[in-house]
Each structure stands twice: as C-alpha cells, then as structure tokens.
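Asks: Let me begin by handing over the structure; questions about it come next.
Taken together, the values in this text are just the output of simple stated rules run on the coordinates, not laboratory data. Predicted model, so just to flag it, every value in this text is computed and none were measured. Cβ placement follows ideal geometry from the backbone for every residue including glycine, while neighbour counts extend to all protein chains displayed.
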Amino acid sequence: MSILSVRDLHKTYLGKKPFKAVQGISFDLNEGEILGLLGPNGAGKTTTIQMLMSTLTPTKGDIFYFGKDFLKHRSEILQYVTFASTYVSLPWSLTIEQNLDVYGRLFCQSPKDFGKRCDLLLERFGILSKKRSRISELSSGQITRLMLVKAFMIGPKIVLLDEPTASLDPDIAHDVIQFILEQREKEKVSILFTSHNMAEVSEVCDRVLFLRKGKIYADDLPQNLAKRAAQSRIELIIAEGMEKALNVAKKLNMEAIADHRCLKLKLDEAQIASFLSSLADAKVNYSGIEIIQPTLEDFFLKAAGASDEL
Amino acid sequence: MSFKRIWGVFLRYYYYFSKLDNLAEVFYWPTIDIFLWGMTSVWIQRSESGIPDIAIIILTALVFWQILWRSNYEITVNILQEFWTRNFVNLFSTPLKLSEWMCSVMLVGFSKIWITLGFSALLIWLLFALNIFEIGWAILPYIAMMSLSGWVVGFLSGGVMVYFGQRMQMLAWMAPFLFAPFSAVFYPVSALPPWGQAIGWCLPTTYVFEGMRSILSGGPFSMHYFLMSFLLNMLFLGGVLFFFTRMFQKSRQKGLSRLE
C-alpha cells in the first residue's frame, strides 16, 4: 500500500538563469519499503528530499502522505515523518538529553512516551554514556548516530535518510544498516534512502530510483539495474590450452583477453554455463575461476555519463 | 496551535540560556551600561544641571531601552542560533508551525525581561541608591509597550534575516539603534530637529519615554501617550508579523537549508 505518492513534482530555482532542479518526477513509497534515491551530484536528490520534508516549496506538483495533501496537512503529516542527515546538526551547547527532549516535544510527545525508547536507541548506537554531553563534545560519527536516534525516537511511519552512514566507520555503518533493516521488519517503517555507497544501497534498498538531470532515469530493483548496465565477467587461470580457450570464446562471439595465464571474458550471466561446458568439451584445463557479477556501481557509472535513454 | 510544541521551543532556548557563557552575556552588558550611564548622570546632577531628577530619568530610560533590546534580541539572535548550529532545517522539518515558533520566541523574550528588570533595578539601587519603581504602577504598561516595540524591531529584522540569511546578521544588533535617536530615549523629543520630531512621534517608543519623563518630573500618567504607543505598536506589530511570515514563505521557496 502506497503511503507516499509524489506526482509530477517540479522545482525551478528562479534567478538570472532559472535552473530546473526537478522536472516532473512521480513515484510511490509503499509501507515497509526501503526506496533508494540515487543519482550524480545535481541530479535532484537533495531537492526532492527537501520538498518531501517541507523545507522547500515545490514549483508544481503534488505530494500525498497517507492519502493527504502535504501542502494542506503539513503539521499533521509530519507527526509521522522524520528525517536524518549527515549534513545537519543540533544546537551545540545543549546536551544530547536536552536536544532529544526538545525534539520529542515538537512531536507532541511527553518525556514519558519517548524517554525509554531514546535510551534504548542511544544504547544501541553506543552513545548512551554521552547522554549528558554537549553536542560540541561529540565526534562527527557520534552526531550522525544521534541524528538517527532523533529520527527513530518518536516511532515514525516514514523516515527520510540523507546519507545516514557518511562519516561512520565501516563497522558502525554496518550496524546502522542492520538497524534500518530491523526497523523495516519490526515496525514496518518506510524509508527513503540516499547514499553514495552503492554496495550499501544494494544491500538495504528494495527498489532504486535513479535521478538524472532532475528526471527519473530508472526505477527498478538494484540487481536489475546492475544487469542493465553491464555484463558479468569471468577470469580463468588456464593450466593448459589457452589457444583452445580463445578459440571457444571466438566461436561463441565473446570478447576475450589473454593476460599471461589468465583469460578474461565479458558475457551475459546466462552464457556462463554453456561457455564452461564448451571449455570442457575442448579439453581446456583451468586451475581457478572467478565470476564477477555486475554491480549497482557499474550502473551508476554508466548512467551518470549516459545520454537520456538507457 | 499546539502548546506542547510552543513549550518545546521555549525549553530549547531556556536550555541554551542556562549555560554559564550565555548567563554572563545576559548580565554583563546591563551592568556595564548601568555603570557608565549611572556615573555620567550622577556627575551631571552634581554639576547643577538644573534637572534635579536627571539620574533617575536616565537610568529608568536605560532600563526601558534594555527591555526593548531584550525582546528584540530573543527573536533575532535565536534565529541566528538556529543558522549557526545548523538546526533551522531540523526545526522546520518537524510538525512545528511558524506561528508556534513565533509565539515561543515572544514568550521567551517576555519572560526574560523580568530578569533584566529585576537585575537592573537591584543594581541601580545598590550602586546609586535610586529606585526605578518610583514611577509607580505605570511601569507595568510601559514595560508592556517596550516589549511590544522589541517584538516589532525583532520581527522586522528577523524577516530580513530569514530571507537573506547570515549576511544580514548584523541587523540583530544594529536594528534597535536605528530607532533610538528618534525615540528620544535620554533627551526630550523637543531636543530633536523638526524633521526628527516628526519621525519620533510616529514611533511607539517615543510616547513611553516622554510619558516616563513626565511622571518622574511630577506629572500625571498620560493616557494619551499610552494609547498612542499602544495603537502604533499594534499597527506596526500586525505589519511586521505579516512581513515576517511572507519572508519565511519566500525563503521556503528558495529552500531553508541554504540558510545554514
């Protein structure tokens, strides 16, 4: 069931040279879905997120949360929609406890409602012992984790996460990803997720929207996008019969390169089995094999530099 | 409007206020001002200026000016606080309405003027053995008028700041002083040139200072001055609240994140 519907959303920044940052995008976010928002710099990701949290007014188009018009029911809707980003902070001279107290009250919750949940989240992210520390005393990684506590402490239905793992060490970033997946499973939270870490997006997102020049360039599952962008690659260590192996590849119209004892090929995933079978028929001996699947990063690189149609 | 959200923002600024560095700032400037102006006015009085109550008149005017300053400061500097700490987007991506934020900063300002008033009155009494409450019950309506005028100046400069951002931050400190010469804070409005007097009588603050001087010189409470100050404050406050709201909406069209 769609709980966020975006229809024909436009944003044009006026000025001497008007700039069309978002040009008619439409998409839905379903309950419990994690939707990735990807694209190169200037693609319109941040502009879209800002419009979705009402800190930027769209030039045209509609945003509906839970079937209600965001423009008309902003305050009521934001009661269930939160946001976290590496690029915003909290008042430096206030402690973690004071900041979360203020934030909870802005959602009309009393400290009784959110206090216990806050402590659990602070403990989960390893910053409970810093509860009475000022924000100015925290590292950037600790502030990023605090922003996540802030986003999840009020029990939201939708969370907008703008690069939530930037500035985090890999082990903590992994923990954050696990937490996001748990929230989706247990609480059915829907998440709109942006990141520059493609491996992370592949792991966490159910679906990916790729924006380019303010338009939706692709909308698909991460694995399908990867396949659309590149072929699989195979690297074989040939013990005996390099010439025969090259001939097999040539017969099957595959692009192959011999590099000392290593044979490198690009091919579709479906061709791998028949190629290996043909090598066996030609009595080629190989001592090692590595199959490299295309990744979302391949798609990103291709799409970022491609023409308007993939 | 939600009282819980208004209280949330109120607490946010009081948590900030409770830090030692901010407390020092609240007490430091009034102390310096009172000492400088107090010594000056005592010296003028001793040199037989011909105005017997000059010291109490100047010091009461100073306290009234501090009330306007404090009401303005709580609006403008709290906006800047949100810019400086990159918290502006955080605040306005919550259910918080602009009207609720505006109510909060007005309440914060109104509550802090009593701290300013109490501290300044005590200091003046201790240093110069003068009682600013000599003005009697009239101090209450005059404080209310100065607080309203502080909000007018605060939302006027705040409206410019929420649109143009930090490059206009000097308004937080400068804007009140634009009105000070014409408000006849320390001298009668008749001391101004005719064109200055014309401007002065258009400002709600002028009526408060004139009324205060009149009472301290033995005259009665002037209902005319009070009503003029009230009407002008209401007129200007309505205008600047509309201006601030419009500038915020315009700023939102450009994106609030650019302000941080």
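Asks: From the Cα gyration tensor of region A:165-223, with a ≥ b ≥ c the square roots of its eigenvalues, which class applies: rounded if a/c is under 1.5, or else prolate if a/b is larger than b/c, or else oblate?
Replies: Oblate shape, in that a/c is at least 1.5 and b/c is the bigger or equal ratio.
Asks: In straight Cα distance, which lysines are under 18 Å from B:Lys112, not counting same-chain residues fewer than 8 positions off?
Replies: Within the straight-line limit of under 18 Å, B:Lys112 reaches these lysines: B:Lys19.
Asks: Treating cross-link reach as a plain straight distance, find the lysines whose alpha-carbon is under 16 Å from the alpha-carbon of A:Lys186, omitting any fewer than eight places away in the same chain.
Replies: Straight-distance partners of A:Lys186: A:Lys157.
Asks: OK, next. Per the helix-only calculation at 222 nm, which mean residue ellipticity applies to chain B, given -39500 (n - 2.57) for every DSSP H run of n ≥ 4 and division by its residues, nearest 500 deg cm²/dmol?
Replies: -26500 deg cm²/dmol
Asks: Now a separate question. Membrane-span-like helices in chain B: DSSP H runs reaching 15 Å or more (Cα, own axis), mean Kyte hydropathy at least 0.5? Walk me through the intermediate numbers first.
Replies: Values: long enough: B:3-17 (21 Å, 0.10); B:20-46 (38 Å, 0.46); B:54-84 (42 Å, 1.05); B:98-128 (44 Å, 1.62); B:139-164 (37 Å, 1.58); B:171-183 (19 Å, 1.42); B:204-216 (19 Å, 0.28); B:223-254 (46 Å, 0.60).
Helices meeting the span and hydropathy rule in chain B are B:54-84, B:98-128, B:139-164, B:171-183, B:223-254.
Asks: Would you mind calculating the relative contact order of region B:54-259 from Cα pairs under 8 angstrom and at least 6 residues apart, reporting the percent as a whole number? Could you put the intermediate results ahead of the total?
Replies: On the way: 240 pairs, mean separation 61.0, N = 206.
That works out to 30 percent.
Asks: Hydropathy first: keep DSSP H helices in chain A averaging at least 0.5 on Kyte-Doolittle, then drop any whose Cα extent along the axis falls short of 30 Å, and list what survives.
Replies: Sorted by number, there is nothing, because no helix extends far enough and scores high enough.
Asks: Taking region A:162-234, which trypsin sites (Lys or Arg not before Pro) meet the DSSP loop condition and have no more than 15 other C-beta atoms within 10 Å?
Replies: A:Lys188, A:Lys213
Asks: Report the net charge of residues surrounding A:Gly155, where surrounding means a beta-carbon distance below 13 angstrom and charges are Lys +1, Arg +1, Asp -1, Glu -1.
Replies: Summing Lys and Arg as +1 and Asp and Glu as -1 gives +4.
Asks: Let me ask something else. Farthest toward the dipole's positive end in region B:54-259, which of B:Leu231, B:Gly159, B:Ala61, given Cβ charges of +1 (Lys, Arg) and -1 (Asp, Glu) about the Cα centre?
Replies: Checking the options against the dipole of region B:54-259, the answer is B:Gly159.
Asks: Which of the residue pairs A:Lys68/A:Lys213; A:Lys17/A:Lys227; A:Lys215/A:Lys251; A:Lys130/B:Lys4; A:Lys45/A:Lys150 have a Cα-Cα distance greater than 32 Å in the structure shown?
Replies: A:Lys17/A:Lys227; A:Lys215/A:Lys251, as the Cα separations exceed 32 Å there.
Asks: Need the C-alpha centroid separation for region B:167-212 versus region A:124-173, integer Å.
Replies: Result: 49 Å between the Cα centres.
Asks: Compute, for region A:153-310, the length of the dipole vector about the Cα centre, with Cβ point charges of +1 (Lys, Arg) and -1 (Asp, Glu) only. Units Debye, rounded to 20.
Replies: 620
Asks: I've got another one for you. Within region A:1-96, report the trypsin sites (Lys or Arg not before Pro) that DSSP leaves as loop and that have at most 16 other Cβ atoms within 10 Å.
Replies: A:Lys16, A:Lys72
Asks: Three principal axis extents, largest first, for the C-alpha atoms of region B:54-259, in Å?
Replies: Extents along the principal axes: 55, 39, 26 Å.
Asks: Can I ask one more? Of A:Ser93, A:Ser277, A:Ser167, which is the most mobile in a GNM of chain A whose springs link Cα atoms less than 10 angstrom apart?
Replies: A:Ser277
Asks: Taking the Cα centre of the protein assembly as shown as origin, work out the dipole magnitude from +1 charges on Lys and Arg Cβ and -1 charges on Asp and Glu Cβ, in debye rounded to 20. Kindly include the intermediate steps, with their values, before the conclusion.
Replies: Values: 56 positive and 50 negative charges, 204 e Å.
About 980 debye.
Asks: Please build a GNM for chain B, connecting alpha carbons under 10 Å apart, and tell me which residue among B:Gly154, B:Gly200, B:Gly136 fluctuates the most.
Replies: Evaluated over chain B, the most mobile residue of the options is B:Gly136.
Asks: Output the Kirkwood hydrodynamic radius of region B:9-106, Cα pairs only, in Å rounded to one decimal.
Replies: 16.0
Asks: Any idea what diffusion coefficient the protein assembly as shown gets from Stokes-Einstein, in µm²/s, Kirkwood Rh on alpha carbon pairs, 25 °C, 0.890 mPa s?
Replies: It comes out at roughly 88 µm²/s.
Asks: Could you please report the charge total around A:Leu35, scoring K, R as +1 and D, E as -1 over all other residues with beta-carbon less than 10 angstrom from its beta-carbon?
Replies: Within the 10 Å Cβ shell, the charges total -3.
Asks: Go through A:Pro222, A:Leu236, A:Val204 and say which Cα lies farthest out towards the positive end of the charge dipole of region A:160-310; charges sit on Cβ, +1 for Lys and Arg, -1 for Asp and Glu.
Replies: The Cα lying farthest towards the positive end belongs to A:Leu236.
Asks: Now a separate question. Taking square-rooted eigenvalues a ≥ b ≥ c of the alpha carbon gyration tensor, is region A:126-265 rounded, prolate or oblate, where a/c under 1.5 means rounded and, failing that, a/b exceeding b/c means prolate?
Replies: Here region A:126-265 falls in the prolate category.
Asks: What is the distance in Å between the Cα centroid of region A:42-85 and that of region A:185-263?
Replies: Rounded to whole Å, the Cα centres lie 33 Å apart.
Asks: If you add up the charges near B:Leu117, with Lys and Arg at +1 and Asp and Glu at -1, over every other residue whose beta carbon is less than 15 angstrom from its beta carbon, what do you get?
Replies: After counting each charged neighbour, the total is -1.
Asks: Determine the shielding of peptide A:94-107 by partner chains: average, over its residues, the number of Cβ atoms on other chains within 10 angstrom of each Cβ.
Replies: 6
Asks: In region B:54-259, if the dipole is taken from +1 on Lys/Arg beta carbons and -1 on Asp/Glu beta carbons about the Cα centre, which of B:Leu203, B:Ala121, B:Pro95 is farthest to the positive end?
Replies: B:Pro95
Asks: Count, for each residue of B:252-260, the Cβ atoms from other chains sitting within 10 Å of its Cβ, then give me the mean as a whole number. Can you show the working numbers first?
Replies: Details: counts 5, 7, 5, 10, 6, 10, 4, 1, 3.
Taking all residues of B:252-260 together, the mean is 6.
Asks: While we're on this one: With +1 on the Cβ of every Lys and Arg and -1 on the Cβ of every Asp and Glu, and nothing else charged, how large is the dipole of chain B about its Cα centre, in debye rounded to the nearest 20? Kindly include the intermediate steps, with their values, before the conclusion.
Replies: Numbers: 16 positive and 11 negative charges, 230 e Å.
It works out to roughly 1100 debye.
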